[in-house]
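Step one of this worksheet: look at the structure below.
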Amino acid sequence: MEDTGKFEARYLAFLETISPLRPRLHRYCARMTGSITDGEDVVQDALFRAYRSLDTWDDRRPLAPWIFRIAHNHCIDFLRSRGVRFEAETAAAEPDFVEPADPLGPAIGPAIEHLVQNLPPKERACVLLKDVFEYSLDEIAELVDSTVGGVKAALNRGRSKLESLQGRPAPPRASTPESKQILRLYVERFNSRDWDGLRELISADARLLVADRYSGSFAAGGYLGVYSRMKQTWRLTLGEVDGEPSIILLNDRNGEWEIEGIVRLDIGPDGRVERISDYQHCPWILTAGSILVRESRE
């Protein structure tokens, strides 16, 4: 997202307007990127792009498909930036008919949804849009810039591959002992309210994203000061999000620690935190993937 500092009131009003779309939009982007936090980052970028491009939207047409297409294109850009394997440019020459596979339909479950990340992007998008979000073939063709025949072919290939992948465990995400140690120190110092010690872990030019609230410089965001002044009781704990070591944000509700959000740290080659992403204002991400608390909440 471009560096906007504190989001202006009109943008927050736009987010409120499209809030019913957010869980579906995030679910799609999370499955396309393979991560609920990467998916939310893509959604944030897409929504800001949509907001800045509202003057190009034809208000005679529904808003949701227009935003979905922007988000889809951002997912494709994300996958390209990560070096994900793409179909050849000659994909348009693929036959429109492929021996049909049975639709996954409403029977598609969370485990299958996670397996779609093993598919090439076009197949991934078509399976998600048809079997999870129940878009029509015409709608999918417009969204992914293809033909109905091309969508049918991608659907059949994707469904067949998913059938063969069922039952396979997801590969663990890569992490290093150094990065795990930084996560542990961050959690320990936050919970002991050692704000100076916490800042020592963070690069001087670190970036900060508080989803739906702030995007910019960590130094200018007053982030730790906000937590230190809050009346609510907060603590962090180590956990896993979609199999990746992560930090879970907990809030004390009536004497019990409840999961309130996710905090992701991007650690630079020098071993210091170069980006903090806080998703406490995005409750839809808490039900969109696998979140596992590794330490006691007591």
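The values are calculated or read from the model by the stated rules, or taken from the named source; none is laboratory data. Everything numeric in this text was worked out from a predicted model, so none of it was measured. Here Cβ is always computed from backbone atoms with ideal geometry, including for glycine, and neighbour counts include all displayed protein chains.
Of all residues in the range 38-49, those that are within 17 Å of GLN280 (Cβ to Cβ) and crowded, with 24+ Cβ neighbours inside 10 Å total 3.
Listed here are the residues, each with its yes/no results for (1) in the same structural domain as VAL187 (by TED's automatic domain parsing); (2) polar (S, T, N, Q); (3) in contact with a strand residue (DSSP E or B) (Cβ under 9 Å, 6 or more places away or on another chain).
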{"position": "ASP205", "(1), (2), (3)": "yes, no, yes"}
{"position": "SER215", "(1), (2), (3)": "yes, yes, yes"}
{"position": "PHE218", "(1), (2), (3)": "yes, no, yes"}
{"position": "TYR227", "(1), (2), (3)": "yes, no, yes"}
{"position": "ASN254", "(1), (2), (3)": "yes, yes, no"}
{"position": "GLU258", "(1), (2), (3)": "yes, no, yes"}
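Cβ separations smaller than 7 Å between residues 6+ apart or across chains give the following pairs from the range 256-278 residues that are of a type in the set (Lys, Arg) to residues that are in a strand (DSSP E or B): ARG264/SER246; ARG264/SER277; ARG272/ILE202; ARG272/SER203; ARG275/ALA206; ARG275/ARG207; ARG275/ASP266.
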